[in-house]
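This report concerns only the one structure given below.
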Amino acid sequence: MENISGKVLVIDDEDQFRIALTKVVRKHGYEATPFSSAIEALEYLKIHHAEIDITIVDMKMDGMDGIEFITKINELYPTIVPIMVTAYSSIDTAVNSIKHGAFDFISKPFSPEQIIYAVQKSMTRRTLLVQNKKLKEDAERSLKILGQEKSKIHTVVQCMANPLIVLNGGLEIVLYNPCFENIDLGTKIKLYSKITDYDSEFINQIKALVNSMIDNKTLTMIQKEIKINEKFYQATCAAVVTDREIEGYCVVLNDITKLKEVENLKNQFVSMVAHEIKAPISASLGYIYLILDGYITDKDKILEKLGRCKERSETLLEMVNDLLQISRHQTNRLNLEIKPVDISVKLENTLEFFAQEMKKKNISLEKDISAANNLILADDRSLEMILNNLISNAIKYTPEGGSVSVRYYNDGDYGVISVKDTGYGIRKEDMPRLFTEFFRCKTKETSKISGTGLGLSVVKKFVTAQKGTVSVESEYQKGSVFTVRLPLSH
Ligand SMILES: Nc1ncnc2c1ncn2[C@@H]1O[C@H](COP(=O)(O)OP(=O)(O)OP(=O)(O)O)[C@@H](O)[C@H]1O
Ligand SMILES: [Mg+2]
């Protein structure tokens, strides 16, 4: 007896054959379930079809006959193998059975061997059908996963914020993303064309990068800076390697223009600071050498020079303090403590501090520094610095006999401070750079006035940090108005 076992449905409306068939099948190790009608068997299959391997069905039955049953089985459950049983064996009935989808047929009367032989053959067929179905399902699943992966990669490449281009081993362009296309390449590129066919400044730089990869076979990645039309890119070329063979090259670009700008600004700033610091130190040292080397011996002259050294050192100290403020601001260590501050009190104090200086220069003061709401939201120390800078500028850049007018008023949710003077004014061309570090107007009127050019840049930084704004209106040789708006406390 064979070891194969399986589940068989036996369908015959003649009791004697059904019983005999069931018996034989069971005797040979199969599980057999008998049915006297094809309709009942179909009902049963609705639930159990997955576990049934073979059906043995009589051709001639009342209700649904064998042919109809087999046709249905093939349509609904193609992995179940049907065997037809016929009373009169003839070539015609055999052909007809097979045509309607029977895998084998047995004629009545039959011997047990005949039945078992047909069942065993059908079992082998069943195994093949099941395997085939599984393989098909696996293949479909793999294809689906592959499709999904492909579309995922496609989406990632398309959406990538960095320009990307991929070349195959023959240096043909096999992939690039919209971001790459958007660069000013200097030429229009096409898929599957050779990169060597193009000749633009940008493409030539990419070619050079890939060529250095090709020349240096040991490298798997190379980086280079590419510059085109005022834009800087960090280009990374990586070899596409499968089974130790180089299949192509993938170039990804990173726009570093902003970074470069920041780097340049930083360098400019450092050299500017160095320059500004050098001048007062050299001047002071110059005086000190003159005294130490004995060129100046007169006590009064020595005191005068030392006085200048002191002045220069004080300016230097002020500048260093301003720089520290700026650096604190830039590293977000401002530690502003924003709370309601009475601005009229602050203005009063500041004006008192400068009263002496104004008197010395015979500058008249107009003030109107109280409004319905005098409480503004600000940091105490920064506010003092803002007012000091604006008022000291107004006095510093106004000639003798001029006037300064300080006002405070409410405008919606803001408290507005305006400092107006009848001074030298600012030329139109100087306006855009007025609030940048170290900027000082170079006019005949202001050339003798000392300063670091940091005051207004500090004002701007602090006002912005306190959610306010600062603006200026000025007419050269007429005067200026600086206006600061800070949020009111309610
Ligand atoms: N009220 C003003 N009238 C005319 N020019 C002004 C006025 N305020 C500022 N400026 C011009 O703007 C420049 C920058 O001012 P800022 O306060 O930043 O620097 P500074 O006064 O030169 O030096 P610091 O304030 O650091 O001692 C000044 O050098 C001056 O030329
Ligand atoms: Mg100033």
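The values are calculated or read from the model by the stated rules, or taken from the named source; none is laboratory data. Remember, predicted model here, so these are calculated numbers, not experimental data. Note: ideal-geometry Cβ built from the backbone for every residue, glycine included; neighbour counts use all protein chains shown.
Quick notes on this one:
- Candidate set from region 442-490 (those that are away from ligand 2 (no atom under 16 Å from the Cβ) and part of a helix (DSSP H, G or I)); member that is modelled with the highest pLDDT: Thr464
- Extreme residue, farthest from ligand 1 (Cβ to nearest atom), among residues of region 311-359 that are part of a loop (DSSP other than H, G, I, E, B) and modelled with pLDDT of 80 or more: Glu337
- Scanning region 395-426 for residues that are within 16 Å of ligand 1 (Cβ to nearest atom) and in a loop (DSSP other than H, G, I, E, B) yields Tyr397, Thr398, Pro399, Glu400, Gly401, Gly402, Thr422, Gly423, Tyr424, Gly425, Ile426.
- Which listed residue, of Glu140, Glu172, Glu75, is free of Cβ contacts under 8 Å to residues at least 40 places away in the same chain and closer than 30 Å to Asp65 by Cβ: Glu75
- Qualifying positions in region 440-456 - more than 15 Å from Thr315 (Cα to Cα) and more than 6 Å from ligand 1 (Cβ to nearest atom): Lys442, Thr443, Lys444, Glu445, Ser447
- Applying the condition of being near ligand 1 (Cβ under 10 Å from one of its atoms) and within 37 Å of the chain's Cα centre (by Cα) to region 457-481 and asking which residue is farthest from Arg312 (Cα to Cα) yields Lys460.
- Subset tally (residues that are loosely packed, with under 11 Cβ neighbours inside 10 Å and assigned to a strand (DSSP E or B)) for region 238-261: 2
- Meets criteria (within 24 Å of Gly453 (Cα to Cα) and away from ligand 1 (no atom under 16 Å from the Cβ)) for Asp368: no
- Residue within region 386-403 that is among the charged types (D, E, K, R) and either within 17 Å of Thr483 (Cα to Cα) or in contact with a Lys or Arg (Cβ under 6 Å, 6 or more places away or on another chain) (or both) present: yes
- Subset of region 400-434 [surrounded by fewer than 18 Cβ atoms within 10 Å (Cβ to Cβ) and within 16 Å of ligand 2 (Cβ to nearest atom)]: Asp430, Met431, Arg433
- Some residue of region 229-237 being under 28 Å from the mean Cα position of the chain (by Cα), exposed (fewer than 14 other Cβ atoms within 10 Å of the Cβ) and in contact (Cβ under 8 Å) with a residue 40 or more places away in the chain: yes
- Qualifying position, being among the acidic types (Asp, Glu) and under 27 Å from Ile277 (Cβ atoms), among Glu311, Glu366: Glu311
- Subset of region 210-224 [in contact with a helix residue (DSSP H, G or I) (Cβ under 9 Å, 6 or more places away or on another chain) and aliphatic (A, V, I, L, M)]: Val210, Leu219, Met221, Ile222
- In region 116-149, the residues that are out of contact with any Gly (no Cβ under 9 Å at 6 or more places or on another chain), among the aliphatic types (A, V, I, L, M) and surrounded by 11 or more Cβ atoms within 10 Å (Cβ to Cβ): Ile116, Ala118, Leu128, Leu129, Val130
- Across region 374-385, the number of residues qualifying as outside any strand (DSSP E or B) and crowded, with 16+ Cβ neighbours inside 10 Å comes to 5.
- Residue match in region 349-358 (condition: without any contact (Cβ under 8 Å) to a residue 60 or more places away in the chain, over 23 Å from Gly479 (Cβ atoms) and in contact with a strand residue (DSSP E or B) (Cβ under 6 Å, 6 or more places away or on another chain)): no
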